[in-house]
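Report on one structure; see the data block that follows.
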Amino acid sequence: MSDILDETGGCVCLNLRGAARAVTQFYDGILKPSGLKVTQFSVLAAVATEGLASMTTISKTLVMDRTTLTRNLKPLFDRGLVKEGKNGADRRQRQISLTREGQAALSKALPLWEEAQKQFLSGIGYARWQGMLRLLNETIKLSN
């Protein structure tokens, strides 16, 4: 059995998911005073960037399937941080936008996110992060 563990220890998926969990916990800890988790912050930031955006656009921006996006949007809807906007030409498309409360929550969380980002980059080094970012982008492209 230990042979299997030795072989799978280098598993790309296992290691990327573990790193993602560790980084998520790090950011969540720093964002805690804002009342947002980093996943919620990311969704709010994507919606703010896109303006009135379809679920498809947001899910592509976040490299997230629509089911996961729907699950992540629910608490934001419940808290009144996002709302459905007016439908475009295609009424099947849900359009999402930030509310005033959502903009305020994002504004409150942004300095905390910046602190998390600063601490992380200080620890790993900006140049190393840039190399890692390129590798992550290549990884995303390979999986599509």
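The values are calculated or read from the model by the stated rules, or taken from the named source; none is laboratory data. In this text the structure is predicted, and so the values were computed from the model without any measurement. Glycine also receives a Cβ, built like all others from the backbone with ideal geometry; neighbour counts cover every protein chain displayed. With ligands, DNA and RNA removed, areas are computed over all heavy atoms of the protein, side chains included. Shrake-Rupley method; radii C 1.70, N 1.55, O 1.52, S 1.80 Å.
Here are some notes:
- Restricting region 99-144 to residues that are open to solvent by 50 Å² or more (accessible area, probe 1.4 Å) and among the hydroxyl-bearing types (Ser, Thr, Tyr), the residue that is farthest from residue 32 (Cα to Cα) is 143.
- Residues located in region 99-128, provided they are at pLDDT 95 or above, within 17 Å of the chain's Cα centre (by Cα) and of a type in the set (A, V, I, L, M, F, W, C): 105, 106, 109, 110, 112, 113, 116
- Under the condition of being in a loop (DSSP other than H, G, I, E, B), farther than 21 Å from residue 37 by Cβ and either modelled with pLDDT of 90 or more or of a type outside the set (S, T, N, Q) (or both), the residues counted in region 53-98 number 8.
- Considering 121, 36, 106, the condition of being in a helix (DSSP H, G or I) and closer than 22 Å to residue 21 by Cβ is satisfied by 121 alone.
- The set of residues from region 23-40 being β-branched (Val, Ile, Thr) and in contact (Cβ under 8 Å) with a residue 60 or more places away in the chain comprises 23, 30, 38.
- Cβ pairs under 8 Å, 6+ apart, first in region 1-14 and within 18 Å of residue 142 (Cα to Cα) and part of a helix (DSSP H, G or I), second of a type in the set (Val, Ile, Thr) and modelled with pLDDT of 85 or more: 12/139
- Of the criteria (1) under 23 Å from residue 26 (Cβ atoms); (2) touching an Asp or Glu at 6+ places or on another chain (Cβ under 9 Å); (3) β-branched (Val, Ile, Thr), which one residue 57 fails: (1)
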